[in-house]
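First comes the structure, then the notes that go with it.
The numbers here are math on the coordinates, done by the rules we state, and not lab data. Note that the structure is predicted; figures quoted are calculated from it, not measured. Glycine gets a Cβ as well: all are built from the backbone with ideal geometry, and neighbour counts include every protein chain shown.
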Amino acid sequence: MRNRRKVGVLVLTAAALMVPPLAFGDPPTTQITVKDDSFSPREPAVMKFGGRFSWQRAANATNEHNVHQAAGLFSSGNPTTTSFTPAHPYSISPSAGTYTYFCDAHRALNMVGKIKVRAIVETGTLTSNGFRVRWASATSKPTGTRFDVRFQVGNGPWTTWRNDTTSSDGAFGSGNKPVHVMPGHTYRIEVRSEKQQVSKHSDWSPPLVVNPPS
């Protein structure tokens with residue numbers, strides 16, 4: 001009986017080891033279909049930071065296409081007839097921001113799209129007097145290496161929290177900076193991304209809305 005139990009454990013362990021890593025949780029992906037001559041959806045739903053956008057060519061799309069972000073923050077390369085196929089896939093996991101992009105070959109035909117990424121509160125960090133905000137990956141920054149971060153308390157003015165920072169996250173309320181965080185107030189955080197060698201930046205991200213618990 002003992003031997004059978006050991007075999008069972010070994011088989012279960014081996015089976016678990018053979019499960020592909022993605023089976024334990026793939027980052028959420030929004031697929032954008034590249035048609036002749038449009039992107040669908042043109043403006044998909046807002047994504048929380050940590051997700052991925054993937055462009056895939058429609059079966060009947062035969063024209064040359066590419067994806068080129070308006071501020072130069074990302075690009076799939078030159079327009080080709082084989083772009084966005086299984087042989088030439090293209091996807092990105094953006095930092096927080098709003099990104100307008102277009103196809104170089106068909107911009108005049110309004111082949112334009114927009115993706116939006118919202119910053120997140122790090123799991124387990126939300127307390128009555130502060131929280132940690134993440135707007136980019138610490139290791140991979142395909143759409144920005146520097147970031148502007150601003151905040152709003154209630155209906156007050158937008159105020160700069162970080163300017164041209166290389167940090168991927170920040171503790172909001174730590175040491176009462178940039179403000180003293182309290183329950184009963186609503187805090188909004190917006191981010192825009194830029195690259196050091198690029199003079200332009202993304203548009204502001206959709207706001208992260210935080211209501212600290214009592």
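Round to a whole angstrom and tell me the spacing of the C-alpha centers of segment 82-116 and segment 126-205.
Centre-to-centre distance over Cα atoms comes out at 25 Å.
Could you give the size of the charge dipole of the chain about its Cα centre, using +1 on the Cβ of each K and R and -1 on the Cβ of each D and E, expressed in debye and rounded to the nearest 20?
In debye, rounded to 20, the chain gives about 860.
Strictly over 18 Å apart at the Cα level, which of LYS48/LYS141; LYS141/LYS177; LYS116/LYS141; LYS116/LYS177; LYS141/LYS200 would you flag in this model?
LYS141/LYS177; LYS116/LYS177
What is the extension gain from VAL179 to ALA58, computed as 0.36 nm multiplied by their sequence separation minus the C-alpha to C-alpha distance, in nm to one decimal?
Once the chain is fully extended between VAL179 and ALA58, it gains 38.7 nm.
Would you calculate the separation in nanometres between label points at LYS114 and THR159, each defined as 7 Å from the Cα along the Cα-to-beta-carbon direction?
2.9
What is the Cα coordinate range of segment 48-145 on the first, second and third principal axes, sorted by size from largest, in whole angstrom?
Ordered largest first, segment 48-145 gives principal extents of 55, 27, 22 Å.
Calculate the radius of gyration of the Cα atoms of segment 119-210 to one decimal place, then report Dmax, the largest Cα-Cα distance, as a whole number, both in Å.
Just the Cα atoms of segment 119-210 yield Rg and Dmax of 13.0, 41 Å.
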